[in-house]
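**Student:** Let me give you the structure first, and then I'll get to my questions.
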Amino acid sequence: MKLKDIGEFALIENFSKKFFSKPLPKGFVGIGDDCAYIPSESLSKGESIAVSCDMLQENVHFIKDEIGGENLGKKSLAVNLSDLASSGATPLGSFLSVALPEDIEEDFLNNFFKGYAFMSEKYGCPLLGGDTVKSLNGITINVTVLGKVNRENVKLRKNAQPGDFVCVTGFLGDSACGLDFVKMGKNHRPKEADYFISCHHNPNPRLEEGKFLSQFSCVNSMMDISDGISSDLKHILKESQVSAVVELEKLPLSSQMRDYWGFNLKKMYELATSGGEDYELLFTVNKTQFANLNKLFQEKFSKPIYPIGKITEGFSSEIIFLENTNPINGFSNGYDHFTA
């Protein structure tokens, strides 16, 4: 079989098994969540180092001439900081490795590092090192981020409980809509495209929201949304050995999304469930304590938590999508790098 036939997540599951022959040292958490966790004597008691890495490949994650150097630099760090956000971690630093074609423009590189430096300063995440090599085919970017986190507050994917509300921190689908417009080409875009393209090129890691939510025992599991809730929620379901129901009419959609795609509910729901790269937080909350948590969240961030469904009994890791209580098919798969 070829990689395109196996798929991204089966590949990860297959190779991760090779590293489980021996248990990890005490206090370590490895493959399975957005970050690894490493205890350190240099931190305060109960704190661990959170580690995560992510890659961006030209013509897979971005189109060079569309995103521009500065936005690419910002996004390269932002998507990694989003993993720290889902852990409630405080950034400590990053490592950046890039493979670059020899004919890449100096201005593009200067703007790339300008954008990366802007995000580093904004989120207190200094660049600590990395590597550069020659690429024979496009730009490849690899970023590793380090953060510190109180281990008692970490919300692992395996702790979702039946009855929990499934929640997100913000609008879904705008980034995916932006990607559609990017693919359309500059000469064929409507004026409304600028907002959506900006959402796609400029994600905002929810670090403060993640730190806030991680303090509450009623939040049982959490991760960021990179591949769409159709895919990302399944990671929580699989690790927790549960299933879920998602109510499509409760998906948070921006006014811009409703104005542009309001005539086509199916398209809006597809973008919101399966598009990916929202980089909002996806988490589950004990339903009896949701109202109080939502009140406190709104007081701090001037926006609500959006409950979109609930966790149910069952080991199938199945998501049932409902529209006005009726089961709807066609929203079962998020983004997969090797089958897309």
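The values are calculated or read from the model by the stated rules, or taken from the named source; none is laboratory data. The model shown is predicted, which means the values in this text are computed figures rather than measured ones. We place every Cβ from the backbone using ideal geometry, glycine too, and count neighbours over all the protein chains shown.
**Student:** Looking at (1) surrounded by 15 or more Cβ atoms within 10 Å (Cβ to Cβ); (2) in contact with a Gly (Cβ under 9 Å, 6 or more places away or on another chain); (3) at negative phi, which is the only condition Gly276 fails?
**Tutor:** Tallying (1) surrounded by 15 or more Cβ atoms within 10 Å (Cβ to Cβ); (2) in contact with a Gly (Cβ under 9 Å, 6 or more places away or on another chain); (3) at negative phi, Gly276 fails exactly one: (3).
**Student:** If I go through the range 117-145 residue by residue, how many of them are in a strand (DSSP E or B) and either crowded, with 22+ Cβ neighbours inside 10 Å or among the acidic types (Asp, Glu) (or both)? Spell out the reasoning first.
**Tutor:** Our first condition is that a residue be in a strand (DSSP E or B); within the range 117-145, this holds for 127-134, 140-145.
Restricting the remaining residues to those that are either crowded, with 22+ Cβ neighbours inside 10 Å or among the acidic types (Asp, Glu) (or both) gives 131, 141, 143, 145.
Residues that pass the stated criteria total 4.
**Student:** Next up: How many residues are under 17 Å from Asp164 (Cβ atoms), in contact (Cβ under 8 Å) with a residue 40 or more places away in the chain and out of contact with any strand residue (DSSP E or B) (no Cβ under 6 Å at 6 or more places or on another chain) if we restrict to the range 294-328?
**Tutor:** Summing the residues that are under 17 Å from Asp164 (Cβ atoms), in contact (Cβ under 8 Å) with a residue 40 or more places away in the chain and out of contact with any strand residue (DSSP E or B) (no Cβ under 6 Å at 6 or more places or on another chain) in the range 294-328 gives 4.
**Student:** Return only the number of the condition from (1) farther than 28 Å from Lys75 by Cβ; (2) crowded, with 19+ Cβ neighbours inside 10 Å that Asp227 does not satisfy.
**Tutor:** Checking Asp227 against (1) farther than 28 Å from Lys75 by Cβ; (2) crowded, with 19+ Cβ neighbours inside 10 Å, the one that fails is (1).
**Student:** Quick check, is Val154 within 17 Å of the chain's Cα centre (by Cα), under 20 Å from Asn286 (Cβ atoms), surrounded by 18 or more Cβ atoms within 10 Å (Cβ to Cβ) and touching a residue at least 40 places away in the same chain (Cβ under 8 Å)?
**Tutor:** Values: within 17 Å of the chain's Cα centre (by Cα): yes; under 20 Å from Asn286 (Cβ atoms): yes; surrounded by 18 or more Cβ atoms within 10 Å (Cβ to Cβ): yes; touching a residue at least 40 places away in the same chain (Cβ under 8 Å): yes.
For Val154, the condition - within 17 Å of the chain's Cα centre (by Cα), under 20 Å from Asn286 (Cβ atoms), surrounded by 18 or more Cβ atoms within 10 Å (Cβ to Cβ) and touching a residue at least 40 places away in the same chain (Cβ under 8 Å) - is met.
**Student:** Under the condition of being more than 14 Å from Met223 (Cα to Cα) and either in contact with a Leu (Cβ under 8 Å, 6 or more places away or on another chain) or free of Cβ contacts under 8 Å to residues at least 12 places away in the same chain (or both), which residue from the range 157-173 is surrounded by the fewest Cβ atoms within 10 Å (Cβ to Cβ)? Give the derivation first.
**Tutor:** Residues of the range 157-173 that are more than 14 Å from Met223 (Cα to Cα), as a first pass: 161-165, 171-173.
Retained after the next criterion (residues that are either in contact with a Leu (Cβ under 8 Å, 6 or more places away or on another chain) or free of Cβ contacts under 8 Å to residues at least 12 places away in the same chain (or both)): 171-173.
Working: Phe171: 20, Leu172: 28, Gly173: 28.
Per the stated criteria, the residue is Phe171.
**Student:** Can you tell me which of Gly68, Gly73 is of a type in the set (Gly, Ala, Ser), under 29 Å from Asn187 (Cβ atoms), surrounded by fewer than 24 Cβ atoms within 10 Å (Cβ to Cβ) and in contact with a helix residue (DSSP H, G or I) (Cβ under 7 Å, 6 or more places away or on another chain)?
**Tutor:** Numbers: Gly73 fails: surrounded by fewer than 24 Cβ atoms within 10 Å (Cβ to Cβ).
Answer to the check: Gly68.
**Student:** In the range 187-196, what residues are touching a helix residue (DSSP H, G or I) at 6+ places or on another chain (Cβ under 8 Å) and of a type in the set (D, E, K, R)?
**Tutor:** Hits for the range 187-196 are Arg189, Glu192.
**Student:** Under 6 Å between Cβ atoms, which residue pairs at least 6 apart in sequence (or on different chains) link something in the range 189-211 that is within 18 Å of Leu156 (Cα to Cα) and assigned by TED's automatic domain parsing to the domain that holds Leu81 with a partner that is outside any helix (DSSP H, G or I) and at pLDDT 95 or above?
**Tutor:** Final answer for the pair search is none.
**Student:** When you check Asp194 against the structure, is it crowded, with 18+ Cβ neighbours inside 10 Å and over 20 Å from the mean Cα position of the chain (by Cα), yes or no? So that I can check it myself, show each step before the final result.
**Tutor:** Values: crowded, with 18+ Cβ neighbours inside 10 Å: no; over 20 Å from the mean Cα position of the chain (by Cα): yes.
No: the conditions fail for Asp194.
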